[in-house]
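*Asks:* Quick one: structure below, then a few questions.
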Amino acid sequence: MNRAVRPAVLNSHSNPFNLMTALFHSTPIFDRSRPTHWDSGGGAYRDSSKVMNLMMPTSSARKGHFRAFRVSHTRAESNPDATSSSSSSVAFQSTGKTRKINFCQLCGGPTKHEIPDGEEKMRAICTLCGRIAYENPKMVVGCLIEHDNNILLCKRKIHPSYGLWTLPAGYMEIGESAAEGAIRETWEEANAEVEVMSPFAQLDIPLIGQTYVIFLAKLKRPHFSPGPESSDCRLFSLDDIPFDSLAFSSMLVTLNLYIEDRKVGRPKFHYGTINKRPGTSPSDIRAYTLDHYLES
Ligand SMILES: [Zn+2]
């Protein structure tokens, strides 16, 4: 749902879809015995200029079975995931590390901002009940759905990024696993029942306190249609992915990594940190660096 792109601090909704979560609880989430259907030749996929430039140093460090390298975009664009928190009562400060909370979420009392004893960071502390407002990143979970060598994308019918394409994804709920959340979000946004096959990527966005966890998934049935917050859902071949109208940097990174994997013919697991490049436009989804990159 759109919650994937709202600032985490605005996510105060209740979950009306617990039923779906319950429905999927009895469903095996991972099928580790699945045969790979990927074309190991990889020749079917274009060498697109839109594909992220993966700069792998010859001295790539290996940590265990992970290969580490840094990926940077050379174009001056930015991460829209890092926009829009100004309307919240919780202001997002420019450092990306501190949020100003003026009122206690427990009792509504006014807060003071101090470094608590024994800690190092400034916190909002309630002047009435003494509660310290600790804040932690939000998990955004979603599915990269493969079907007949195509992938499923949803066109957003909501702001921000209205009219732009995204993988079905949204905030993970209390009481569900990441995979369950990804399945639920896919149901909500694309009316599609999916089976999660494997984890594909974890992408941290420290500036806005979000972590994306994207799973590879497949349709249980070849049925999908736009959910309430999508104007369209469509299968795209890799050559037709609308890279010029993607909603978020996280989706751009995910899809680029996916295309790279498809070229090689083997899905990997990817980890990285998306950092907005200073001084770039918030609306430019390409103005990021992918740092601390690891792959399986
Ligand atoms: Zn309080």
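Computed from the coordinates by the stated procedures, all read-outs in this text should not be read as laboratory data. Since this is a predicted model, take the numbers as computed values, not measurements. Note that we place each Cβ from the backbone using ideal geometry, even for glycine, and neighbour counts take in every protein chain shown.
*Asks:* Residues with amide H under 5 Å of Phe269's amide H, sequence separation 5 or more or different chain, H placed in the peptide plane at 1.01 Å from N; which?
*Replies:* Ser296
*Asks:* Using a simple spin-label model with points 7 Å from Cα along the Cα→Cβ vector, what separation in nm is obtained for Tyr162 and Cys129?
*Replies:* In this crude spin-label approximation the distance works out to 3.8 nm.
*Asks:* Which entries of Lys100/Lys157; Lys138/Lys218; Lys100/Lys276; Lys100/Lys121; Lys157/Lys276; Lys138/Lys276 have Cα-Cα distances beyond 23 Å here?
*Replies:* Those over the limit are Lys100/Lys157; Lys138/Lys218; Lys157/Lys276.
*Asks:* DSSP loop GluC sites (Glu not before Pro) in the range 96-152 with at most 11 other Cβ atoms within 10 Å of their Cβ, which ones?
*Replies:* Glu119, Glu120
*Asks:* Can you figure out the FRET efficiency of Ile174 with His113, using R₀ = 22 Å and their beta-carbon distance, to the nearest 0.05?
*Replies:* So the FRET efficiency works out to roughly 0.20.
*Asks:* Taking 0.36 nm per intervening residue step and subtracting the Cα-Cα distance, what contour gain separates Lys218 from Asp240 on full extension?
*Replies:* Extending this stretch completely gives an extra 6.0 nm.
*Asks:* Long-range amide H contacts for Gly227: which residues qualify at under 5 Å (H placed 1.01 Å from N, peptide plane, sequence gap of 5 or more or a different chain)?
*Replies:* Ala190, Asn191
*Asks:* May I pose another question? For the range 159-272, state the semi-axes of the equivalent ellipsoid (square roots of 5 times the eigenvalues of the alpha-carbon gyration tensor), sorted largest first and rounded to whole angstrom.
*Replies:* 19, 18, 17
*Asks:* Report the percentage of all Cα-Cα pairs in the range 257-296 whose separation exceeds 16 Å, rounded to a whole percent.
*Replies:* Of all Cα-Cα pairs in the range 257-296, 49 percent lie more than 16 Å apart.
*Asks:* A further question on this structure: Please list the non-local residues whose amide H lies under 5 Å from the amide H of Val140, H modeled 1.01 Å from N, same-chain partners needing a gap of 5 or more.
*Replies:* Answer set, sorted by chain and number: Met172, Thr211, Tyr212, Val213.
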